[in-house]
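Report on the structure given below.
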Amino acid sequence: MYVNVAILKETQAHERRVAMVPSVAPKLIKLGAKLHMQSGAGDAIHLPDSAFKDVAFINDFKELVGDADVVLSVQPPAPEVIGAMKAGSILICFIYANKEPALVKHLLERKITCFAMERIPRITRAQSMDALSSQSALAGYYAVGLGINHLTRILPKITTAAGAIGPAKVLVMGLGVAGLEAIATAHRLGAVVEGYDVRPETGEQALSLGATFVETGVDARGPGGYARELTPEEKTKVAAVLTKHIQQSDLVITTASIPGKPSPKLISKAQVKGMKSGSVIVDLSAEGGGNCEDTKLGETLQVGQVTIVAPLNVPSLLGEDASTLYAKNQYNLLALMMKDNVITIDWDDEILAGAALTHDGRMMDAKPKPEGKPASDHKKPVSKVA
Ligand SMILES: NC(=O)c1ccc[n+]([C@@H]2O[C@H](COP(=O)([O-])OP(=O)(O)OC[C@H]3O[C@@H](n4cnc5c(N)ncnc54)[C@H](O)[C@@H]3O)[C@@H](O)[C@H]2O)c1
């Protein structure tokens, strides 16, 4: 017996990652998987098929997924891929169901069990499966690099015979996983770093990474450890404090987001106008609508003397490391279900129940114990007999 696992080549624009890497493949095989990958799946990160041992490569996606018990990818696959999957098989990838209604309908019709990587609960036991965190940490690091590329000055203090220059001032707004990594990176590179968030507990985290924290007096802790939207009065109060910090910075990195809502606007057009000549904003929340009013998704803009960088799919720009961490996240999730060469889904496990999007033609509740928990197939093995 073995579990037939297929890994797709990504086809979406700007996606270089791949859901399997050579260091993770043997671990999955050890759990009882037989691995099949789409030919050239690692090409975008210079990972040739020959780098994988004991993995069969298949070019045609229909042949690849038609007999698979589990299909792995980074982005949601094209509808024709889902159409070629066998009923009752498992798909694991990022989905963001609210943006993909047609795809979700297809998953339901095909009775695919879909685990959405973005739905994995943010709990301690699930940290090793938390792809939102692994990918955000890389994005936070990379944001500093993007900023450096557009600055015309250096981050650290450097002393030469002609005199000393630096350090630069960096402000990081939004101190989730990406923001904290941006602080750590900018601090390591010698910048003077400030952090700001509406969740007060992030103040201590910023301090522990070498930054100071901008206090605005507004506490906007929301449900589940996330932030809530600010009221108009709170926005005014915050802007009054932040303007000075934004306008004294050389590099501003923004990462703020609120689940299910457009990115909050933290930097207005008027604040951009008052920024220092040559300063740079890197807006990591551009895909959610942007934290700066001037942000244009996927573009690098010059607004007066300020450069605003709004990159697309930042983790993909670090595709090699992002793929390694993502593949480990998926392996750790699969390890919850794979035992003795079969897949057994324990719907009482809050991680599996929380990450499940569709099962057996039904939408699954995001809450730990899904309503309509399947009774007939509870802990039923999904396996492949050799
Ligand atoms: N396994 C775990 O325990 C685990 C793992 C990762 C993250 N988390 C927690 O999940 C939460 C979300 O983390 P994330 O990285 O996904 O965050 P996120 O991407 O949802 O948001 C980024 C940051 O933006 C902040 N923000 C929102 N509105 C803002 C505003 N108007 N002004 C300034 N900042 C604003 C949020 O507070 C958050 O810190 C955090 O509490 C984090 O500690 C827990």
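The values are calculated or read from the model by the stated rules, or taken from the named source; none is laboratory data. Computed from a prediction, not measured in an experiment: that's the story for all the values here. When we count neighbours, we look across all protein chains shown, and the Cβ atoms used for this are built from the backbone with ideal geometry, even at glycine. All accessible areas refer to the heavy atoms of the entire protein, side chains included, with ligands and DNA or RNA removed. Shrake-Rupley method; radii C 1.70, N 1.55, O 1.52, S 1.80 Å.
Here is how the numbers come out for the structure above:
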{"quantity": "Candidates Gly145, Gly304, Gly354: whichever shows maximal mean-square fluctuation once the chain is modelled as a Gaussian network with Cα springs under 10 Å", "calculated": "Gly304"}
{"quantity": "Candidate residues His187, His46, His359: accessible-area rank, largest first, probe 1.4 Å", "calculated": "His46, His187, His359"}
{"quantity": "Positive minus negative residues near Val55 (Lys, Arg vs Asp, Glu; Cβ under 14 Å)", "calculated": "+3"}
{"quantity": "Top of Met337, Met20, Met173 by mean-square fluctuation, Gaussian network on the chain, Cα under 10 Å", "calculated": "Met337"}
{"quantity": "Max mean-square fluctuation residue, GNM over the chain, Cα-Cα springs under 10 Å, options Ala322, Ala78, Ala25", "calculated": "Ala78"}
{"quantity": "Cut-off under 5 Å, modelled amide H: who pairs with Gly195 long-range", "calculated": "Val172, Thr212, Phe213, Val214"}
{"quantity": "Sequence-distant aspartates and glutamates (8 or more away, or on other chains) whose Cα lies within less than 12 Å of Lys237", "calculated": "Glu215, Asp219"}
{"quantity": "Protein-only accessible surface order, largest first, of Ile345, Ile123 at 1.4 Å", "calculated": "Ile123, Ile345"}
{"quantity": "Cα gyration tensor shape for the range 140-226, rounded if a/c is under 1.5, else prolate or oblate", "calculated": "prolate"}
{"quantity": "Residue-level accessible surface for Glu293, protein heavy atoms, 1.4 Å, Å²", "calculated": "90"}
{"quantity": "Bins of 20 Å, starting at 0 and running to the largest distance - Cα pair percent for the chain", "calculated": "27, 50, 21, 1"}
{"quantity": "Accessible area in square angstrom per residue, the chain, 1.4 angstrom probe", "calculated": "45"}
{"quantity": "Sum of side-chain charges, Thr255 neighbourhood, beta-carbon under 13 Å (Lys, Arg +1; Asp, Glu -1)", "calculated": "-3"}
{"quantity": "Under 12 Å from Lys30, Cα to Cα: aspartates and glutamates that are on another chain or at least 8 residues apart", "calculated": "Asp54, Asp340"}
{"quantity": "Over 27 Å (Cα to Cα) - which of Lys99/Lys273; Lys99/Lys265; Lys157/Lys235; Lys9/Lys111; Lys53/Lys111; Lys261/Lys328 fall in this group", "calculated": "Lys99/Lys273; Lys157/Lys235; Lys53/Lys111; Lys261/Lys328"}
{"quantity": "Long-range amide H partners of Ile343 with built H, under 5 Å", "calculated": "Val382, Ser383"}
{"quantity": "Simple label model, 7 Å out from Cα along Cβ direction - Phe57 to Val241, nm", "calculated": "5.5"}
{"quantity": "Tensor-based shape of the range 105-159 (alpha-carbon gyration tensor, a/c under 1.5 rounded, otherwise prolate or oblate)", "calculated": "oblate"}
{"quantity": "Cβ-based net charge around Glu118, under 12 Å, with every Lys or Arg adding one and every Asp or Glu removing one", "calculated": "+1"}
{"quantity": "Gyration tensor over alpha-carbon atoms, the range 196-260, equivalent ellipsoid semi-axes in Å", "calculated": "19, 16, 11"}
